[in-house]
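J.: Sending over a structure as structure tokens; questions will come in a sec.
The values are calculated or read from the model by the stated rules, or taken from the named source; none is laboratory data. Not measured: the values here are computed from a predicted model. Ideal geometry is used to build each Cβ from the backbone, glycine not excepted, and the neighbour counts take in all protein chains shown.
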Amino acid sequence: MNSKNRTETEVPVTGLEAGLMVCHECKKVVALDDRPLNNCPRCGSPIHPRKPDSVIKSWALVLTSLILLFPANILPIMKVEYMGASEYSTIMDGIIYFFKEGSYGIGIVILVASVLVPVFKILGIMMILVSIHFRIESWLSHKTLMFRFIKFIGRWSMLDIFVIALLTGLVDFGFLTTIAAAPAAPFFCGVVITTMLAAEVFDTRLLWDAGTGKDHDHS
């Protein structure tokens with residue numbers, strides 16, 4: 001009984017508290033006593049307890065993606081020229097078109113990949129950063145899983161750009177019909193790239209540091 005109570009009240013020791021750090025470049029585990037000049041003994045890269053300026057960089061990138069999200073969805077993303085007449089369509093125009101034509105599967109895929117996924121990624125990263133700022137201790141495991149899911153689905157966010165690139169190659173009949181990317185395309189690419197970078201520069205260990213009251217570098 002005493003052993004059970006002792007196990008339940010034990011606080012897990014972090015790698016940093018145990019005198020260990022991980023190189024962010026080659027992932028080598030380095031003991032603090034073996035750190036010559038604060039550099040990794042294998043690759044020579046600087047070693048830090050946490051990724052430097054992780055929270056600041058993540059905030060800058062995710063706010064940039066939030067700003068880019070509006071022109072990406074408001075401006076036309078695809079331009080179709082048929083017999084000299086030009087027609088522009090936004091992401092939502094394409095989704096509505098597929099629903100009207102009865103292609104619900106394609107419409108849902110584009111809706112999820114091009115609209116819901118970017119919004120989920122932005123809101124998810126912002127929620128994690130806010131929880132670090134206010135040192136919210138609840139749901140740490142769930143927030144960690146959500147962050148891993150955000151990184152996983154990032155590769156599917158460029159679906160609209162892939163479709164436009166495919167159509168540009170397939171539907172090109174010279175002066176009859178041509179398809180090209182419209183002004184929203186670079187903004188949409190910017191949303192995808194900045195959210196992926198925001199997730200890449202973020203150090204998930206800061207989430208647990210803030211939640212458990214550790215005073216490591218949160219900058």
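J.: Does Glu87 satisfy being surrounded by 14 or more Cβ atoms within 10 Å (Cβ to Cβ) and more than 23 Å from the chain's Cα centre (by Cα)?
T.: On the way: surrounded by 14 or more Cβ atoms within 10 Å (Cβ to Cβ): no; more than 23 Å from the chain's Cα centre (by Cα): yes.
Judged against the criteria, Glu87 is not a match.
J.: Ok, one more. Would you confirm whether any residue within the stretch 63-84 is more than 30 Å from Val112 (Cα to Cα) and modelled with pLDDT under 75?
T.: yes
J.: Moving on to the next point. Between a first residue in the stretch 112-127 that is closer than 13 Å to Gly154 by Cβ and a second residue that is of a type in the set (Gly, Ala, Ser), which pairs have beta carbons less than 7 Å apart while being 6 or more apart in sequence or on different chains?
T.: Matching pairs, first to second residue: Ala113/Ser157; Val117/Ser157; Pro118/Ser157; Lys121/Gly154; Ile122/Ser65; Ile125/Ser58; Ile125/Ala198; Ile125/Ala199.
J.: Tally up the residues in the stretch 89-114 that are within 24 Å of Ile193 (Cα to Cα) and among the hydroxyl-bearing types (Ser, Thr, Tyr), please.
T.: 3
J.: Still on this structure, please answer the following. Test each condition in (1) at positive phi; (2) surrounded by 14 or more Cβ atoms within 10 Å (Cβ to Cβ) for Pro76 and report the one that comes out false.
T.: The failed condition is (1).
J.: Next question, about the same structure. For the stretch 35-62, name all the residues that are modelled with pLDDT of 85 or more and among the small types (Gly, Ala, Ser).
T.: If the condition is that a residue be modelled with pLDDT of 85 or more and among the small types (Gly, Ala, Ser), then Ser54, Ser58, Ala60 are the ones that fit.
J.: While we're here: Residues Thr177, Thr168: which one is over 29 Å from Thr64 (Cα atoms) and at pLDDT below 70?
T.: Thr177
J.: Another question, then. Given the conditions (1) of a type outside the set (Ser, Thr, Tyr); (2) under 30 Å from Glu17 (Cβ atoms); (3) out of contact with any strand residue (DSSP E or B) (no Cβ under 7 Å at 6 or more places or on another chain), which single one is not true for Asn39?
T.: (3)
J.: So for the stretch 201-217 (the condition being assigned to a helix (DSSP H, G or I) and modelled with pLDDT of 90 or more), does at least one residue qualify?
T.: Yes, the stretch 201-217 contains a residue that is assigned to a helix (DSSP H, G or I) and modelled with pLDDT of 90 or more.
J.: Whether any residue in the stretch 60-72 is surrounded by 16 or more Cβ atoms within 10 Å (Cβ to Cβ), in contact (Cβ under 8 Å) with a residue 60 or more places away in the chain and not in a helix (DSSP H, G or I) is what I want to check.
T.: no
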